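*Asks:* Below is one structure. I have some questions about it.
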Amino acid sequence: MAPPTLGNTPPGRELKRRFLFLGLAMVGGMVLLAMQLYRLQLIRGEEYAAKSVANFVKEVRLRADRGVIKDVRGTILVDSRPSFDVFLTPAFCTNCFEQVIPRLAGLLALEAEQRQKVEDQVRAARRSAPFQPLSIRVDLTRDELDRLNARLDILDGVEVVPVPHRNYRAGTVLSHVLGYMNEINQDELERLNADGARYALGDYIGRRGLERYFESRLRGVDGVRKQVVNARGQTIEELNDMLGENSVLPPQAGGNVVLSLDMRLQEAAEQAFPGVAGAVVAIDVNTGFIRALVSRPGFDPNLLTGRITPAQMAALAKDPLQPMINRVAANHYSPGSTFKVVSALAAYKSGLFRPETVVNCPGGYTLGGHTWRCHKDSGHGPVNGLLAMQYSCNTWFYKVADTLGLDPIADMGKALGLGSPTGIGVLAEVPGIMPSTAYHDRLSPGGYSKGMALNSSVGQGDDNVTPLQLALVYASLANGGTLYKPQLVQRIEDLDGRVIEAFQPQVVRKVDINPAHLKAVVEALMAVVNEPGGTAYRQRLPDIKVAGKTGTAQVVTLGAVRLKTHQMEFFSRHHAWLASFAPAEAPEIAVVVLNEHGGLGGLDAAPTGMAVIQKYFDLKAQDAVSPPPRANQPYTPGQAPALVQERAPVSQTPVAPDLREASAIH
């Protein structure tokens with residue numbers, strides 16, 4: 001009998017049945033897979049193609065227009081001009097280190113250090129933010145733009161993007177007020193974004209002045225446009241429509257800043273100021289709003305906001321005149337005889353002196369075996385308080401200091417704002433120094449001595465004021481004793497000129513000054529300018545009565561023989577001052593001039609102050625009969641600021657000042 005086979009047995013038939021079912025299941029699965037592939041590829045292929053690049057839906061920033069900065073009449077001083085920047089997105093940069101960056105370095109002529117910086121940024125960004133575009137070069141030249149556009153097809157991940165670039169139309173004029181912009185650093189980026197800002201690497205941020213102080217108001221809010229891109233970062237236009245209506249969030253423009261400055265008066269001040277270094281301040285005595293402000297030398301904010309070279313930065317840093325320092329508020333100086341108004345008010349307040357009090361001036365004042373000199377070696381003879389101010393006789397004020405001591409003078413100075421920041425905010429400032437006996441006991445070798453009071457009484461010694469502080473002192477005398485906070489900005493407007501915020505005058509305090517004492521000081525200041533023998537008499541204006549005081553502050557101790565300005569090394573020359581207001585009968589404007597190392601107050605500062613005052617009233621008369629100008633006109637200098645034909649030779653190392661035994665000249 002033949003042996004049984006497996007197929008004929010019940011187990012064999014069962015196994016065949018199982019294989020059949022398995023084969024049918026596999027065939028069914030293949031059919032289902034084919035149907036699904038058909039559905040995915042043909043029926044819903046476009047939809048899933050878009051979804052396949054969902055990780056490459058790129059958010060493109062729509063940069064908000066930064067607000068403009070205008071003068072009081074609406075003339076545009078700072079706006080933005082078109083420019084092009086280069087960005088690289090690490091996620092889209094294939095063969096980045098082998099091909100793209102070397103090609104980019106060649107096209108842009110990047111130095112080895114710059115190329116290494118780009119490579120380091122790309123490596124870091126690939127770990128932290130691969131889809132964040134990195135700024136490679138700002139403000140392309142026309143040649144750079146043409147070269148890049150011709151080769152973008154071989155620069156994966158590289159974009160040339162139109163980016164507005166800040167445009168400072170006045171050049172170096174008002175540079176310390178306007179400020180400048182440069183690239184945000186990593187610490188700032190993290191700190192500001194943690195507070196809700198939306199900065200990115202490569203963004204520019206305001207530095208100094210108005211650009212810094214009003215950064216959040218000027219900047220606006222960027223918008224976003226979503227677009228589909230491929231793995232090389234190239235836009236897939238046919239898929240963008242599938243992103244929907246919410247693919248674009250429009251930007252919101254920044255606010256416009258309107259200053260209290262009048263560029264016509266500013267130009268006049270720039271043209272009238274003869275110095276290579278110094279400051280001019282013109283301020284409304286009844287509001288504290290600043291009408292003109294010169295700080296010389298300045299810097300070019302267009303250069304600092306653009307592609308400044310290391311050599312150019314080094315030149316700025318090494319310039320002995322330090323153009324980056326704002327001389328109006330961030331540097332202080334001995335005020336010389338302009339300070340005598342403080343000493344006179346302290347004298348009258350004490351009750352020990354009156355305007356009629358006579359002191360004999362033999363040419364100096366002797367105390368403890370040392371003689372403090374008057375600027376007139378032969379002396380002024382008997383002088384009262386008015387004549388002492390008119391002739392700028394030091395001896396009368398030495399007698400005040402010897403009688404009162406230092407503290408009553410210091411108290412009056414502090415009441416008028418000296419020794420403390422003005423609170424201007426927009427500008428960095430120093431507090432100055434208003435020394436007292438406690439100050440000298442704390443800081444001067446051997447402590448306070450009476451001679452220090454004599455020096456301070458004539459604005460020497462450790463007295464130090466900023467030109468802005470001194471302008472506020474004289475504005476307070478002009479308006480009857482009200483100390484205002486100085487302001488440079490009158491309002492913030494939106495893009496259409498609607499007022500967002502208007503700034504009102506801010507009173508710091510009412511200074512406690514006896515009206516009779518104030519009247520006596522103002523009469524003396526009027527005599528300085530308008531009476532023969534006054535130190536500013538030669539510079540008086542024919543139709544405007546000005547009240548003011550000249551000052552010539554020493555920076556080194558006088559020798560036995562007085563030298564002319566041109567005989568002295570630059571940094572040893574005196575500071576020339578004028579502090580003034582007009583019209584004396586109903587004051588409107590106060591003007592302070594500091595000609596740093598410029599010479600004599602009556603010769604080298606007073607003419608500038610008188611020119612500014614004259615221009616102020618000329619413009620006032622002109623505006624009274626002329627229609628207002630059209631707003632939003634770009635600033636074009638009516639005339640280039642007067643430039644010194646040949647900069648005075650200056651030493652690279654300033655002579656160390658010795659002020660403790662110095663005395664004002666006039």
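Values quoted throughout were computed directly from the atomic coordinates according to the rules given, and no laboratory measurement underlies them. Please read all numbers here as calculations on a predicted model, not as lab measurements. Every residue, glycine among them, receives a Cβ derived from its backbone with ideal geometry; neighbour counts consider all protein chains shown.
*Asks:* In terms of modelled amide H atoms, which long-range or inter-chain residues lie less than 5 Å from the amide H of PHE84?
*Replies:* Amide H neighbours of PHE84: ASP139, LEU140, VAL163.
*Asks:* I'd like the FRET efficiency for LEU37 and GLU183, computed as 1/(1 + (r/R0)^6) with the beta carbon distance as r and R0 of 45 Å, rounded to 0.05.
*Replies:* 0.30
*Asks:* Which FRET efficiency value, to the nearest 0.05, is calculated for ALA315 and ARG81 with the Förster distance at 25 angstrom and r the Cβ-Cβ distance?
*Replies:* The computed FRET efficiency comes out at 0.50.
*Asks:* Also, quick follow-up: From the phi of every residue in the range 140-152, what ³J(HN,Hα) in whole Hz does the Karplus formula 6.51 cos²θ - 1.76 cosθ + 1.60 yield, where θ is phi - 60° and glycine or proline is x?
*Replies:* Running phi through 6.51 cos²θ - 1.76 cosθ + 1.60 with θ = phi - 60° gives 4, 6, 4, 5, 4, 5, 5, 5, 5, 4, 6, 10, 4 Hz.
*Asks:* Can you tell me the 0 to 90 degree angle between the C-alpha axis of helix 263-272 and the longest principal axis of the chain, rounded to 10?
*Replies:* Relative to the chain, helix 263-272 is tipped by roughly 50 degrees.
*Asks:* Within the set of other residues whose C-beta is less than 12 Å from the C-beta of ARG207, count the net charge using Lys and Arg as +1 and Asp and Glu as -1.
*Replies:* Local net charge: -1.
*Asks:* What shape does the range 485-548 have by the C-alpha gyration tensor, where a ≥ b ≥ c are the square roots of the eigenvalues, rounded means a/c under 1.5, and otherwise prolate means a/b greater than b/c and oblate the rest?
*Replies:* oblate
*Asks:* Then there's this: Sort 193-206, 335-348, 475-488, 156-169 by packing, meaning the average of other beta carbons within 10 Å per residue, with the highest value first.
*Replies:* For the peptides 193-206, 335-348, 475-488, 156-169, the packing ranking is 335-348, 475-488, 156-169, 193-206.
*Asks:* Related question: Identify which of the listed values of volume of the Cα convex hull per residue in Å³ was calculated from the structure shown: [x] 245; [y] 255; [z] 181.
*Replies:* Given [x] 245; [y] 255; [z] 181, the structure-derived one carries the label [x].
*Asks:* Net charge within 9 Å of VAL86 by Cβ-Cβ distance, Lys/Arg positive one each and Asp/Glu negative one each, not counting VAL86 itself?
*Replies:* -2
*Asks:* Let me ask you something else. With unit charges on the beta carbons (Lys and Arg positive, Asp and Glu negative) and the dipole taken about the Cα centre of the chain, which residue among GLY363, PRO587, PRO382 sits farthest to the positive side?
*Replies:* PRO587
*Asks:* While we're looking at this one, here's another question. What angle do you read, to the nearest 10 degrees and between 0 and 90, between the alpha-carbon axis of helix 10-38 and the longest principal axis of the chain?
*Replies:* 40 degrees
*Asks:* What's the local net charge at ASN514, with K and R +1, D and E -1, over the other residues with C-beta under 12 Å away? Please report the intermediate quantities before stating the final value.
*Replies:* On the way: positive: LYS349, ARG354, LYS519; negative: ASP512.
With Lys, Arg at +1 and Asp, Glu at -1, the neighbours total +2.
*Asks:* Taking H as built 1.01 Å from N, whose amide H comes closer than 5 Å to the amide H of PHE289, not counting residues under 5 places away?
*Replies:* ASP284, GLN487
*Asks:* Further, regarding this structure: Tell me, what ³J(HN,Hα) does each residue in the range 579-587 have, in order and in whole Hz, if you take phi through Karplus 6.51 cos²θ - 1.76 cosθ + 1.60 with θ = phi - 60° and put x for Gly and Pro?
*Replies:* 10, 7, 8, 7, x, 4, 6, 8, x
*Asks:* Non-local amide H neighbours of THR535 (under 5 Å, H modeled in plane, Pro and chain starts lacking H): which ones?
*Replies:* none
*Asks:* What ranking of MET181, MET389, MET313 emerges when the number of other C-beta atoms within 10 Å of each C-beta is taken as an exposure proxy, fewest first? It would help to have the intermediate numbers written out before the result.
*Replies:* Details: MET181 24, MET389 29, MET313 12.
Listed from fewest to most nearby Cβ atoms, that is MET313, MET181, MET389.
*Asks:* Using only the Cα atoms of the range 263-625, build the gyration tensor, take square roots of its eigenvalues as a ≥ b ≥ c, and label the shape rounded, prolate or oblate: rounded if a/c is under 1.5, else prolate if a/b is larger than b/c, else oblate. Don't skip to the end; give the middle numbers.
*Replies:* On the way: a/c = 1.59, a/b = 1.33, b/c = 1.19.
It is prolate, given that a/c is not under 1.5 and a/b is the larger ratio.
*Asks:* Which whole-Hz couplings ³J(HN,Hα) result when phi for each residue of the range 348-362 is put into the Karplus expression 6.51 cos²θ - 1.76 cosθ + 1.60, θ = phi - 60°, listed in order with x for Gly and Pro?
*Replies:* After applying 6.51 cos²θ - 1.76 cosθ + 1.60, I find 5, 5, 5, x, 8, 10, 10, x, 8, 4, 9, 10, 7, 10, x Hz.
*Asks:* Do you know the relative contact order of the chain, to the nearest whole percent, from alpha carbon pairs under 8 angstrom that are 6+ apart?
*Replies:* Details: 1396 pairs, mean separation 104.1, N = 666.
Result for the chain is 16 percent.
*Asks:* Among the aspartates and glutamates, which fall within straight-line cross-link reach of LYS615, defined as a Cα-Cα distance under 20 Å, with same-chain neighbours fewer than 8 residues apart omitted?
*Replies:* Hits, sequence-local ones excluded: ASP71, ASP262, GLU267, GLU270, ASP284, ASP543, GLU585, GLU588, ASP604, ASP623.
*Asks:* Among the listed pairs LYS414/LYS519; LYS340/LYS519; LYS376/LYS510; LYS349/LYS399, which have their C-alpha atoms separated by more than 25 angstrom in this model? Before the final figure, lay out each step's value.
*Replies:* Details: LYS414/LYS519 20 Å; LYS340/LYS519 15 Å; LYS376/LYS510 37 Å; LYS349/LYS399 15 Å.
Too far apart for the 25 Å limit: LYS376/LYS510.
*Asks:* Leaving out same-chain residues fewer than 8 places away, which aspartates and glutamates sit with a Cα under 13 Å from that of LYS226?
*Replies:* Answer for LYS226, where 13 Å is the Cα cut-off: GLU59, GLU237, ASP241, GLU245, listed by chain and number.
*Asks:* Still on this model: Rounded to the nearest 0.05, what FRET efficiency is calculated for THR366 and ILE325 with R0 set to 56 Å and r the Cβ-Cβ distance?
*Replies:* So the FRET efficiency works out to roughly 0.90.
*Asks:* Starting from 0.36 nm per residue, how many nanometres of slack lie between ALA109 and GLN132 once their C-alpha separation is accounted for?
*Replies:* The span from ALA109 to GLN132 would gain 5.9 nm if fully extended.
*Asks:* How much of the DSSP bridge set in the chain is antiparallel, in percent, rounded to the nearest 5? Working shown, then result.
*Replies:* Values: 74 of 78 bridges.
Of the beta bridges lying entirely in the chain, close to 95 percent run antiparallel.
*Asks:* Pop a pseudo-label 7 angstrom from the Cα along the beta-carbon direction at both ILE154 and VAL60 and give the gap in nm to one decimal.
*Replies:* 2.5 nm
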